[in-house]
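Novice: Take this structure, written in structure tokens, and hold onto it; I'll ask about it next.
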Amino acid sequence: MSESFDFDKIKKELMEKIKKNEIEFSAFQRAVEAYKELGFELEKILEYAANEAKEEDKKRLWALYKVISQKNIAELCDSLSVYGESLKNSKVYERFYDSDKKIPSGIAFRALELTRLGKREEVFHIILREFVTSQQQVDENLAKAFNPRYSIESFKTLIYSFFSGLLG
């Protein structure tokens, strides 16, 4: 994390702004981003602790890890859907959507089918190729979807979330 997360400090600052009627969207957006970042950091720490713990603590830490991990996947799904939607006026969108026929392109269907089959590497290759061809950078959150720590089911959900935003 770029800076330490101090919940009390963030809460106090936001409440003061509300009381003074100086509500700024950006302040709340920064707080939400810090919260999300904390969730991913906490997931890493819990995984490490669960691997190192003994007996009953190990079981309880893995259960807690699973809760945080699922929440992070849900957050990532939302983020990927929004990201896909934000690309609708980009060259990447044109690579995945045939606007003349008003349908997804063949490459989009290929990526969706490979996702259904759980072929992470092939899907990543297609997405990376289309982004490079469009001279755009792949978002960090989209790259996270290909992390092998996520189950195949989670991978599929994450990629479908991206494509639902992009093509939906």
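The values are calculated or read from the model by the stated rules, or taken from the named source; none is laboratory data. The structure presented is a predicted model; accordingly, all values stated were derived computationally and were not measured. Note: ideal-geometry Cβ built from the backbone for every residue, glycine included; neighbour counts use all protein chains shown.
Novice: Please go through region 140-167 and give me each residue that is farther than 14 Å from residue 70 by Cα and not in a helix (DSSP H, G or I), ordered by number.
Specialist: Passing the criteria: 146, 147, 148.
Novice: If you don't mind, another one. Being in a helix (DSSP H, G or I) and either without any contact (Cβ under 8 Å) to a residue 40 or more places away in the chain or more than 16 Å from residue 156 (Cβ to Cβ) (or both) is the filter here, so list the residues in region 79-98 that pass it. Lay out the reasoning, then the answer.
Specialist: Of all residues in region 79-98, those in a helix (DSSP H, G or I) come to 79-86, 91-96.
79, 82, 83, 85, 86, 91, 92, 93, 94, 95, 96, listed by residue number.
Novice: I would also like to ask the following. Restricting to region 102-155, name every residue that is under 15 Å from the mean Cα position of the chain (by Cα), without any contact (Cβ under 8 Å) to a residue 12 or more places away in the chain and surrounded by 14 or more Cβ atoms within 10 Å (Cβ to Cβ).
Specialist: 138
Novice: Step by step: first the residues of region 22-58, then only those that are at pLDDT 90 or above and aliphatic (A, V, I, L, M), then the one that is surrounded by the most Cβ atoms within 10 Å (Cβ to Cβ). Which residue is that?
Specialist: This residue is 46.
Novice: Right, something else. Of everything in region 61-92, what is under 22 Å from residue 129 (Cα atoms) and touching a Gly at 6+ places or on another chain (Cβ under 9 Å)? Give them in sequence order.
Specialist: Correct list: 80, 81, 82, 83, 84, 85, 86, 87, 88.
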